[in-house]
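Can you keep this structure in mind? I'll have questions shortly.
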Amino acid sequence: MFLTPVVPQWPFYKLDTMFVRGLKRKCFDGEEDIEGTLAGIKAIPSYNLQRQSLLDMSLVKLQLCHMLVEPNLCRSVLIANTVRQIQEEMTQDGTWQMINTQSTGQTSLDRLVSTDILCRSSREQAEGKQVPGYSNFNKDFEDDQTQDSSETMSTASSVQAPRNLQSNVWEMENPQENRGNFQKSLDQIFETLENKSPNSVEDLFSEVDNSYYDLDTMLTGMMSNTKMGHCDGLETFSSPTTTTSNSNCKSDLNELDHIVEILVES
Amino acid sequence: ERGASGGREKGTVFTSDIISTVEFNHTGELLATGDKGGRVVIFQREQESKHQPHRRGEYNVYSTFQSHEPEFDYLKSLEIEEKINKIRWLPQHNAAYFLLSTNDKTVKLWKVSERDKRPEGYNLKDEDGRLRDPSMITTLRVPVLRPMDLMVEATPRRVFANAHTYHINSISVNSDYETYMSADDLRINLWNFEITNQSFNIVDIKPANMEELTEVITAAEFHPHHCNTFVYSSSKGTIRLCDMRASALCDRHAKFFEEPEDPSNRSFFSEIISSISDVKFSHSGRYIMTRDYLTVKVWDLNMENRPIETYQVHDYLRSKLCSLYENDCIFDKFECVWNGSDSVIMTGSYNNFFRMFDRNTKRDVTLEASRENSKPRAILKPRKVCVGGKRRKDEISVDSLDFSKKILHTAWHPSENIIAVAATNNLYIFQDKVN
């Protein structure tokens, strides 16, 4: 059954302006490349990015629910349904896959390290839970996906997070337990999300080497910054990755400096 | 034409906590508001007077009381907000007024009564209330009722507690006036006014496995005339009509109202904006009105597959859904109301705008509730939001709208053209201009 992806409707508001400018450049420069990738799907790189940022935003929102008095169930359900929709669509168009780690033996050491960390964090959560589409390995996409392997890895592991999230969101019977789980899932969410972002930015600046950014320092930086209680947090932490991987974009340096300041202060 | 009623020194605009519900009683004589601080303020309409005809229709404070207090749920380690979610009046039987007010967990029945006489001349105690020495009493007298300054008392007559695990979003008094329902995210309970330690569960949509939860109840209301019929709306944009005669647990609906999705408008936000925030029967009982994020819809009870009328409240927000999702505005729950004759419907929007739609003429108007625009006796000027291109003078562009100024709660007098509009912590009362 052929599923058309939803038509991206929204312009960027308050999202990292980096994205917008980067996208414009990409579209102008790489128009021919677009047709080659992910054949058969209407997706434009910008659509995937929009969808990804929506997914990120939604996951953060779900987590933030726990910090309030008692989560508004209707809101949580609607956000969770949105996350599920995105996941389903990503599964359908093949961007949501688990790549067999053995088959990527050619990748750089950095990639393997990042894979290991991500898989470890996702396995801690998994405990036998199968995610629909998680184990679907579509061989047709294997070649296309090698360059995106890190990205798919991180998207796959983040699937685990919402599943656990949901049980945390709905079941309030064991608050202490849930709080413990929540902090763990929160950390994992932040881990996986911030690992995703550099790869999204990678799409924008394909000339940037993957090994450019130091995963360990970023992870350390993020862990100390888990106290965000506002949705503004999304903006601050989706951008730090851009600060390290993005020496090319001078026009946004001021903004990035500002964001780095915020991170350092917190 | 709409004029602001009352002077600024008293009557129309009050600053208190954020108003969370507004409701006229069945005669329109009283107007109740509930706020985030758990208080209820009741306004009473001034009687017509020959000497001051222009003051007809002014609402003045009649009674203020603390309905709910903040509580702590020790089992879940969570606070229970005292915010009043809904107020519903009971029809009047005697001199006293009765209303139901609810927060997230507990419904209370309040009696509001006047006292303008008091007994004087007790035998056993003196005028100050101190007990008299019985040995000093030599005569016997009958206490007499003497007039006193009017005092309005509110007393809680019933407390209906511990019946809701989830947050109560609606209460509705049945037309039999003996029962009422309370609805939370997953369940609806039926109560008898006289019995507080028991309620009947009539709808339960909680799945066995909470991870499978994808839909919640968002609003519920009894039919105005048929005491066996009620409707409830869901976060997926559906309305179910249930008949309590069919079975004790109304898990199966008698009617199911849903509009097919428009594939051209599909986005990741489609479900969220289809979530119904309010459902109201028309006074006639023939129609129901629903409010979702961008539209108001009128449904004929006899037609389930689509609404008979759809009104765009603020369609210019359709291209801004991502921002509105990010700042959570997309989850705002707007209410909607019918006028007394069911010919006009009203609902709120952002920037302190509210909209009215005339079902017969198909005309609509956008008005603003704000101090600057509402001098006493002034006529409200229609407002216009400019979508793109050239902005005319007096128009406001979409990007200039203030999303923190939202009108979620409005009420319409049951028989006259008087409306109450809650703008954050201010209450505005407008009425038709009278010559």
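Listed residues B:ARG88, B:ARG56; which is at pLDDT below 90, charged (D, E, K, R) and closer than 24 Å to B:PHE430 by Cα?
Of B:ARG88, B:ARG56, the one residue that is at pLDDT below 90, charged (D, E, K, R) and closer than 24 Å to B:PHE430 by Cα is B:ARG56.
Of the residues B:ASP328, B:ASP300, which single one is closer than 19 Å to B:SER20 by Cβ, among the acidic types (Asp, Glu) and out of contact with any helix residue (DSSP H, G or I) (no Cβ under 6 Å at 6 or more places or on another chain)?
B:ASP328
Considering region B:251-278 alone, what residues qualify as being within 14 Å of another protein chain (Cβ to nearest Cβ) and either crowded, with 20+ Cβ neighbours inside 10 Å or modelled with pLDDT of 95 or more (or both)?
Of everything in region B:251-278, those that are within 14 Å of another protein chain (Cβ to nearest Cβ) and either crowded, with 20+ Cβ neighbours inside 10 Å or modelled with pLDDT of 95 or more (or both) turn out to be B:PHE268, B:PHE269, B:SER270, B:GLU271, B:ILE272, B:ILE273, B:SER274, B:SER275, B:ILE276, B:SER277, B:ASP278.
Taking the criterion of being on the phi < 0 side of the Ramachandran plot, open to solvent by 60 Å² or more (accessible area, probe 1.4 Å) and modelled with pLDDT under 95, would at least one residue in region B:95-105 satisfy it?
Yes, region B:95-105 has at least one match.
Just to be sure, is B:LEU124 touching a Leu at 6+ places or on another chain (Cβ under 7 Å), open to solvent by 80 Å² or more (accessible area, probe 1.4 Å) and aliphatic (A, V, I, L, M)?
So B:LEU124 passes the test.
Take the residues in region B:176-199 that are open to solvent by less than 30 Å² (accessible area, probe 1.4 Å) and among the polar types (S, T, N, Q); name whichever of them is nearest to B:GLU23 (Cα to Cα).
In this case the residue turns out to be B:SER182.
Within region B:210-223, track down each residue that is open to solvent by 50 Å² or more (accessible area, probe 1.4 Å) and either under 15 Å from B:ALA248 (Cβ atoms) or in contact with a Phe, Trp or Tyr (Cβ under 9 Å, 6 or more places away or on another chain) (or both).
Listed by number, the list holds a single entry, B:GLU211.
Let me ask something else. Taking strands (runs of 3 or more DSSP E) that fall entirely within region B:30-140, which contain at least 3 residues that are within 14 Å of chain A (Cβ to nearest Cβ)?
In region B:30-140, the matching strands (runs of 3 or more DSSP E) lie at B:71-73, B:78-80.
Between B:TYR311, B:TYR293, B:TYR287, which is in contact (Cβ under 8 Å) with a residue 12 or more places away in the chain and within 14 Å of chain A (Cβ to nearest Cβ)?
Of B:TYR311, B:TYR293, B:TYR287, the one residue that is in contact (Cβ under 8 Å) with a residue 12 or more places away in the chain and within 14 Å of chain A (Cβ to nearest Cβ) is B:TYR293.
Continuing with the same structure: Within region B:9-48, how many residues turn out to be in contact with a Lys or Arg (Cβ under 8 Å, 6 or more places away or on another chain) and at pLDDT below 70?
Number of matching residues: 2.
Could I ask something else about it? Where in region B:328-435 are there strands (runs of 3 or more DSSP E), lying fully within it, with 2 or more residues that are more than 23 Å from B:GLY285 (Cα to Cα)?
B:353-358, B:364-368, B:384-386, B:395-397, B:418-423, B:426-432
Moving to a separate point now. Applying the selection to region B:197-222, what residues are within 11 Å of another protein chain (Cβ to nearest Cβ), among the hydroxyl-bearing types (Ser, Thr, Tyr) and over 22 Å from the mean Cα position of the chain (by Cα)?
Once the filter is applied, which keeps residues that are within 11 Å of another protein chain (Cβ to nearest Cβ), among the hydroxyl-bearing types (Ser, Thr, Tyr) and over 22 Å from the mean Cα position of the chain (by Cα), region B:197-222 yields only B:THR214.
The values are calculated or read from the model by the stated rules, or taken from the named source; none is laboratory data. These numbers were taken from a predicted model, which means no experiment stands behind them. Cβ sites come from the backbone with ideal geometry, for glycine too, and all protein chains shown count toward neighbours. When the accessible area is computed, the model is the full protein with side chains, heavy atoms only, and any ligands, DNA or RNA have been set aside. Shrake-Rupley method; radii C 1.70, N 1.55, O 1.52, S 1.80 Å.
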